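The values are calculated or read from the model by the stated rules, or taken from the named source; none is laboratory data. Source: prediction; values computed, not measured. Heads up, the Cβs are rebuilt from the backbone with ideal geometry, glycines too, and the neighbour counts pull from every protein chain shown.
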Amino acid sequence: MNEIFLSYAREDEERVRPIVEQLKLQGWSVFWDRRIPPGREWEEYIEQYLNAARCVVVAWSKHSLNSKWVRIEASEGETRNILVPVFLDHVTPSLKFRHLHAADLTSWNNDVDHEQFRACIDAISVLVPPSPDKPVVSPADVTVSPVVPVVAKKTPLPENFVLIRGGQFTMGSPESEVDRSSNETQHEVRLSDFAMCRFAVTLGEFRRFAQTGGYRTDAEKENSSKVFNGKEWIDKTGVNWRHGISGADRPPAEENHPVVHVSWNDAVAYCQWLSEERDGLFRLPTEAEWEYACRAGTATPFSTGENLTTWQANYNGDYPYRDFPRGANRGNTVPVDAFKPNAFGLFNMHGNVWQWCSDWFGATYYDECRKQGVIQNPQGPESGSARVLRGGSWYYYARYCRSAYRNFDYPGCRLNLVGFRLVFVPQFKGSQ
């Protein structure tokens with residue numbers, strides 16, 4: 001069955017044909033030919049392919065804007081959170097679809113290096129990751145030619161990991177961003193491809209590591225972890241990864257919540273264990289990779305735009321961003337797959353738990369990077385006393401959930417609001 005359902009107006013058939021050709025060169029199967037076989041009913045035929053699709057690409061144009069069927073197909077994609085909109089003309093979709101960023105292909109002209117076309121390919125890749133036997137082709141490597149392109153095959157991605165295409169972005173925050181910190185100096189960063197887990201590591205996953213590997217966390221070795229008693233942070237005796245935010249045993253219902261009370265040292269140990277068990281390289285993200293993944297192509301304070309509501313993320317809604325309305329204060333973690341993912345398919349990059357990064361923290365590191373121009377795959381300072389934490393948490397205010405906000409703590413620190421997420425770097429093996 002076809003992986004991509006392309007929705008368009010019949011008048012735009014020749015305009016979308018090059019898009020279909022490029023998608024097929026990427027290795028995807030595309031349903032777009034609306035010629036119904038004899039004896040089949042239109043609605044039944046279309047519904048069959050629409051329901052089976054893993055991605056719905058909608059081509060908005062002056063024609064499709066008024067098409068009843070395009071609006072229905074777009075609604076199905078939006079409801080299932082698999083919609084990738086593109087603009088063929090400068091038009092404004094109905095209010096229902098305006099919250100979704102669309103790739104501007106009004107001047108595309110079949111240019112595979114076109115920035116917006118690459119963004120479109122990346123968005124589809126999140127929804128339809130290449131299968132182990134499917135070639136992975138960068139848009140820059142594709143040419144419209146009768147010759148079959150030579151491509152490299154990559155190591156299959158582990159379950160729940162998404163391939164994030166590298167690129168250049170502006171890291172940090174502009175001086176105009178509300179509540180920014182002085183250590184967020186903007187600078188240009190260029191990253192290679194990497195894969196990131198859709199979710200933070202769960203209690204259940206960490207439990208298997210601790211039990212299988214016989215690992216003792218820093219909290220277990222020192223017989224305590226920090227919790228907030230309503231007035232101050234205290235070291236609570238006997239608390240470790242098995243416990244929740246109050247220090248009590250976590251119920252079975254929280255097996256799919258992020259593990260907490262884990263230090264940077266514990267997170268690195270988990271990565272090493274998983275790498276040996278699965279015979280692959282798992283690690284913590286660098287700070288640059290984390291921010292690039294969190295932003296998912298945006299330049300606003302949050303990947304959701306200028307505001308982050310508590311229906312989009314889990315943070316202390318008593319303290320919203322700027323002067324926006326107050327929201328929920330859940331006072332606990334939520335499942336790692338709660339809320340909608342960002343455009344890269346990653347869940348809870350804002351809020352829920354702080355996430356450890358691999359870098360040492362440097363307050364002036366961004367200033368040093370800016371002086372050097374474009375930095376390639378930065379790894380952070382060579383030394384330091386604290387490691388980077390990113391993302392905010394269930395306890396912290398909205399402003400700490402900003403994509404650019406930088407937190408840090410010493411490597412042995414463990415708290416009831418700190419967890420971690422993994423990165424896997426695909427290895428390319430020869431050529432076909």
Hey, can you tell me all the residues within segment 55-67 that are touching a helix residue (DSSP H, G or I) at 6+ places or on another chain (Cβ under 6 Å) and closer than 10 Å to Phe5 by Cα? Cys55, Val56, Val58
What do you reckon, is Val374 touching a strand residue (DSSP E or B) at 6+ places or on another chain (Cβ under 8 Å), exposed (fewer than 15 other Cβ atoms within 10 Å of the Cβ) and hydrophobic (A, V, I, L, M, F, W, C)? yes
I'd like the full set of residues that are assigned to a loop (DSSP other than H, G, I, E, B) and acidic (Asp, Glu), limited to segment 256-313. Asp279, Glu306
Whether any residue in segment 309-319 is surrounded by fewer than 16 Cβ atoms within 10 Å (Cβ to Cβ) and not aromatic (Phe, Trp, Tyr) is what I want to check. yes
Have a look at Val70, Val30, Val84 and point out the one that is closer than 24 Å to Gly305 by Cα and touching a helix residue (DSSP H, G or I) at 6+ places or on another chain (Cβ under 9 Å). Val84
How many residues are touching a residue at least 40 places away in the same chain (Cβ under 8 Å) and outside any loop (DSSP other than H, G, I, E, B) if we restrict to segment 89-120? 4
Contacts under 6 angstrom Cβ, first residue in segment 161-177 being modelled with pLDDT of 95 or more and surrounded by 18 or more Cβ atoms within 10 Å (Cβ to Cβ), partner in a loop (DSSP other than H, G, I, E, B) and among the polar types (S, T, N, Q), 6 or more apart: Gly172/Thr185; Gly172/Gln186
For segment 60-76, pairs from a residue that is of a type in the set (Ser, Thr, Tyr) to a residue that is buried (at least 16 other Cβ atoms within 10 Å of the Cβ) and part of a helix (DSSP H, G or I), with Cβ under 8 Å and 6 or more apart or across chains, are Ser61/Asp12; Ser61/Arg15; Ser64/Asp12; Ser64/Val70
Here is a list: Asp89, Asp113. Which entry is outside the structural domain of Glu306 (by TED's automatic domain parsing) and at pLDDT 85 or above? Asp89
For Ala398, state whether it is in the same structural domain as Ile234 (by TED's automatic domain parsing), under 30 Å from Lys340 (Cβ atoms), surrounded by 18 or more Cβ atoms within 10 Å (Cβ to Cβ) and touching a strand residue (DSSP E or B) at 6+ places or on another chain (Cβ under 8 Å). no
